[in-house]
Amino acid sequence: MPKYRLVYFNARGRAETPRILFALAGEEYEDVRLFPDLPWPSQEGKDKWLETKSELGLPFGQVPVLDVDGKRLCQSNVIAKYLARQFGYAGKGDWEEARAEMISACVYDAFEKGRPCFMEQDPIKKAELLEKFLKDSKEMMDNFRQILEENDGGSGFFVGDGITWADINFAVRIDQIFDRIGENADTFLKDWPKLLALKQRVEKYPKIAEWIEKRPKTTW
């Protein structure tokens, strides 16, 4: 069996989809959390990261990093897709795999648009950015709803007849971005009941629910 080691900060962030894939598959791995005694994100944590990252031997100096028997991968979606393929959650066949990857890339692009909302420190500008993001998010959700409904009317998953990393990525990222901007993802998704139901289906998988319950409590 491969020996897995996942390196990231003490946060859900970009490592949470891989962590959930490990939980769902029941695979053991070492969950390495950098600077666990420092709050993240915080200036103290960021300063420590800048001081030490060159010493960690990370590909391109970034995290998350997945170590598989001493070989390393970076980039969160690359890591998630690799694990999904190893564990059987990438989709069945080339077309489903491509659709799952497309959806995951669109999830990443969509929710990166929320980053300026929680990076902005000026309260007036922050409110303006938040208003724009919430407005733009409605179009994003319409697009995701349409994609979901293309697969068996939207009563199941984004791709095929079972859960894939695309579904996990959607549930994880929407929770994270709305946590960061001080909103509730489930409340926001009430206007898209099929997307809300999908998110809840993912979170109710027994092994995923168990991980969500026991994982370290972090700000994001």
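Data for the structure
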{"read-out": "Members of region 152-172 that are open to solvent by less than 20 Å² (accessible area, probe 1.4 Å) and at positive phi", "value": "Gly154"}
{"read-out": "Checklist (1) in contact with a Lys or Arg (Cβ under 7 Å, 6 or more places away or on another chain); (2) on the phi > 0 side of the Ramachandran plot; (3) of a type outside the set (Lys, Arg); (4) open to solvent by 40 Å² or more (accessible area, probe 1.4 Å) applied to Gly61, failing item", "value": "(4)"}
{"read-out": "Helices (runs of 4 or more DSSP H) wholly inside region 146-220 containing at least 3 residues that are within 30 Å of Pro123 (Cα to Cα) and of a type in the set (A, V, I, L, M)", "value": "165-180"}
{"read-out": "Hits in region 142-151 (condition: over 14 Å from Ala197 (Cα atoms) and either in contact (Cβ under 8 Å) with a residue 40 or more places away in the chain or open to solvent by 60 Å² or more (accessible area, probe 1.4 Å) (or both))", "value": "Asp142, Asn143, Gln146, Ile147, Glu150"}
{"read-out": "Test result for Lys204, open to solvent by 80 Å² or more (accessible area, probe 1.4 Å), within 24 Å of Gly13 (Cβ to Cβ) and within 20 Å of the chain's Cα centre (by Cα)", "value": "yes"}
{"read-out": "Number of positions in region 108-149 that are among the polar types (S, T, N, Q) and either under 15 Å from Asp175 (Cα atoms) or touching a Leu at 6+ places or on another chain (Cβ under 9 Å) (or both)", "value": "1"}
{"read-out": "Of all residues making up region 78-129, the number that are open to solvent by less than 40 Å² (accessible area, probe 1.4 Å), of a type in the set (Val, Ile, Thr) and not assigned by TED's automatic domain parsing to the domain that holds Asp167", "value": "1"}
{"read-out": "Index of the failed condition, Thr187 passing every other in (1) among the β-branched types (Val, Ile, Thr); (2) in contact with a Phe, Trp or Tyr (Cβ under 9 Å, 6 or more places away or on another chain); (3) under 23 Å from Leu21 (Cβ atoms)", "value": "(3)"}
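The values are calculated or read from the model by the stated rules, or taken from the named source; none is laboratory data. Predicted model, so just to flag it, every value in this text is computed and none were measured. Cβ coordinates were reconstructed from backbone atoms using ideal geometry, including for glycine residues, and neighbour counts include every protein chain displayed. These accessible areas exclude ligands, DNA and RNA; they are computed on the full protein's heavy atoms, side chains included. Shrake-Rupley method; radii C 1.70, N 1.55, O 1.52, S 1.80 Å.
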